[in-house]
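Chemist: There's a structure below that I have some questions on.
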Amino acid sequence: MSRESEKLFEAIGRVGGGQIEEAQASPMRRRLRWAAPLAAVLALAIILTAVLSGPGKGSAYAVAEAKYPKEFQILTAPVQAETLESFLRRSLPRLLAGQEGENQVCSPLNIYMALSMLAEAAGGESRAQLLELLDSPDIETQRQTARQLWERNYYSNESGKSLLASSLWLDSGLHYKRETVKLLAEEYFASIFRGDLGSEKLNKALQRWLDEQTGGLLKEQADSVTLPPDAVLALAATVYFKSTWSFEFQERFTEERTFAAPKGEIRCPFMHNSEEGPYYWGEGFTAAVKAFSNGYRMLFVLPEEGASPEALLTQGDFMEFLTGGVNAWEQWETVTLKYAVPRFDLTCETDLKPVLADLGVTDVLDPALADFSAITDTPAAVTAAQHACRVKVDEEGCEAAAFTVVIAAGGMPLEPPREVEFTLDRPFLFAVLSREGSPLFVGVVNDPTA
């Protein structure tokens, strides 16, 4: 980090939220530049900015603004399947449980990145529970894994986009640990904001940030995110994806067909095409993979007749197929696939607090047990953990976005001090102490009128 960056971080604690005007960080809208040598890429990964202006209640301070190189994906080998397998096996059945017959959608990668950032801020048993869920032996390993996943899944070019972003929001009155804030900025490419959390201006700033990083797909959900007045910090992670099919559905072949929904038969538009591709099968399901033009793929899974998708998520054979990577699955062949796929546009909001509790992450939710000592000594606990996700699929391709926001607010309230009647109505002793506590004067008062 440059000398200017160091000076800025040192100044953060001296700047109050009322002294700074709002400054937005929007890496997704910014043109990305590439520096070929890896060392140069990492050196330029965080651009630190200070925007000073007049006073204003609820103003925000853009402390660190993330900027990402274009060619992240070529820098590291794929790690996604091996890294996320355990997390997916544990979390997906709970994340997609929902009400029987209702649509459900989530972004496991987005939630994983948010929980990784939360683990960086946590300490003690709070961190240990998060690392167990993330299947990491220690925070250093988890940090490396998160960095590799970020680099593997971030790109933007003519074939499509897969954009990750993160941010940390700090209350202007919070005494925080500079090392952890720097780490989140450098390792997680987090934009850092500081101001009066819970104020209308800060809520609007967070909502705009979420909306911009998710391409406007989740505006309604982003606009519902608010920070409570007692919030001390918030972590936000987003992902935005867009790509066309490598072999598009032709709209002229789209026609209405019957879909056998749990609530009864419905009519909806089905897209059609025919192409060669891999066809998979296993106990209770068949599956096909359709390629996007950017090298990503969409997996379609059809449960056997009479079975529900939710039931598959509890079945070991299917979860091995889903989480172990389809490339390792042995039961497949190349066939001509005659696709008939309904258009769909799914949006889902998930309260992650009960999900985390069910998965063994309980301490961060309990004001008496939560430990965020890695980032602050101020008592705090997770009071909200929100996830929103949307996936649109049509003839041209797929557009999807997700965000996760974790809010930590004032934790265990300080107990009011015990009341003591202390009336100096009889002889007493006194002392005048120095700053170090040494007695400069000591005396006894037997008669205050003498």
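Quick note: the coordinates plus some simple rules give every number you see, no bench work behind them. What you see is a predicted model; the values in this text were computed from it and never measured. As a convention, Cβ positions derive from the backbone with ideal geometry for all residues, glycine included, and neighbour counts pool all protein chains shown.
Chemist: Could you tell me the center-to-center distance, by alpha carbons, between the range 184-235 and the range 152-182 in angstrom?
Modeler: The two parts, judged by their Cα centres, are 11 Å apart.
Chemist: FRET efficiency for Arg267 and Glu140, Cβ-Cβ distance as r, R0 = 56 Å, nearest 0.05? Please list the in-between numbers first.
Modeler: On the way: r = 54 Å, r/R0 = 0.97.
Working from the Cβ atoms, E equals 0.55.
Chemist: Using Cβ counts within 10 Å as a stand-in for footprinting exposure, how do Lys263, Lys353 rank, fewest first? If you can, show how the numbers build up before the last one.
Modeler: Working: Lys263 8, Lys353 17.
Ranked by crowding around the Cβ, least crowded first: Lys263, Lys353.
Chemist: Another question, then. Out of every Cα-Cα pair in the range 255-342, what percent are more than 21 Å apart? Could the numbers behind the result be given before it?
Modeler: Values: 1477 of 3828 pairs.
Here the long-distance tail beyond 21 Å is 39 percent of all Cα pairs in the range 255-342.
Chemist: Sort 391-404, 304-317 by the packing proxy (mean of other Cβ within 10 Å over each peptide's residues), most packed first.
Modeler: Details: 391-404: 21.6, 304-317: 13.0.
My ranking of the peptides, most packed first, is 391-404, 304-317.
Chemist: Just flag the chymotrypsin sites (Phe, Trp or Tyr not before Pro) in the range 263-313 sitting in loop per DSSP whose Cβ has no more than 15 other Cβ atoms within 10 Å.
Modeler: Working: sites: Phe270, Tyr279, Tyr280, Trp281, Phe285, Phe292, Tyr296, Phe300; in loops: Tyr296.
Qualifying residues, ordered by number: none.
Chemist: What order do you get for Ile139, Ile266 when you list them from fewest to most C-beta neighbours inside 10 Å?
Modeler: Numbers: Ile139 20, Ile266 11.
Sorted ascending by nearby Cβ count, the order is Ile266, Ile139.
Chemist: I've got another one for you. Which pairs, out of Lys204/Lys263; Lys201/Lys263; Lys290/Lys353; Lys161/Lys263; Lys161/Lys338; Lys242/Lys353, put more than 32 Å between their alpha-carbon atoms? Before the final figure, lay out each step's value.
Modeler: Numbers: Lys204/Lys263 39 Å; Lys201/Lys263 43 Å; Lys290/Lys353 34 Å; Lys161/Lys263 36 Å; Lys161/Lys338 28 Å; Lys242/Lys353 29 Å.
Pairs exceeding the cut-off: Lys204/Lys263; Lys201/Lys263; Lys290/Lys353; Lys161/Lys263.
Chemist: For a quick check: sort Cys389, Cys268, Cys348 by the number of other beta carbons within 10 angstrom, fewest at the front.
Modeler: Details: Cys389 27, Cys268 12, Cys348 19.
Ranking Cys389, Cys268, Cys348 by Cβ neighbours within 10 Å, fewest first, gives Cys268, Cys348, Cys389.
Chemist: What FRET efficiency do you get for Arg297 and Arg178 if R0 is 30 Å and r is their Cβ-Cβ distance, rounded to the nearest 0.05?
Modeler: Details: r = 42 Å, r/R0 = 1.41.
Working from the Cβ atoms, E equals 0.10.
Chemist: Using 0.36 nm per residue, how much length does the chain from Thr258 to Glu158 gain when fully extended, once their Cα-Cα distance is taken away? List each step's numbers first, then the result.
Modeler: Numbers: separation 100, 0.36 × 100 = 36.00 nm, distance 3.61 nm.
Roughly 32.4 nm would be gained on extension.
Chemist: Enumerate the calculated ³J(HN,Hα) couplings along the range 184-194 in order (Karplus 6.51 cos²θ - 1.76 cosθ + 1.60, θ = phi - 60°), each rounded to whole Hz, writing x wherever the residue is Gly or Pro.
Modeler: 5, 5, 7, 8, 10, 6, 7, 6, 10, 10, 9
Chemist: For the range 267-347, run through the trypsin sites (Lys or Arg not before Pro) and keep only the ones in DSSP coil with at most 14 other Cβ atoms within 10 Å of their Cβ. Mind showing how you got there, number by number?
Modeler: Working: sites: Arg267, Lys290, Arg297, Lys338, Arg343; in loops: Arg343.
Hits after loop and neighbour filter: Arg343.
Chemist: Moving on to the next point. Taking 0.36 nm per residue of separation and subtracting the Cα-Cα distance, what length does fully extending Lys338 through Thr362 add? Provide the component values of the computation, followed by the final result.
Modeler: On the way: separation 24, 0.36 × 24 = 8.64 nm, distance 4.71 nm.
Additional length available on full extension: 3.9 nm.
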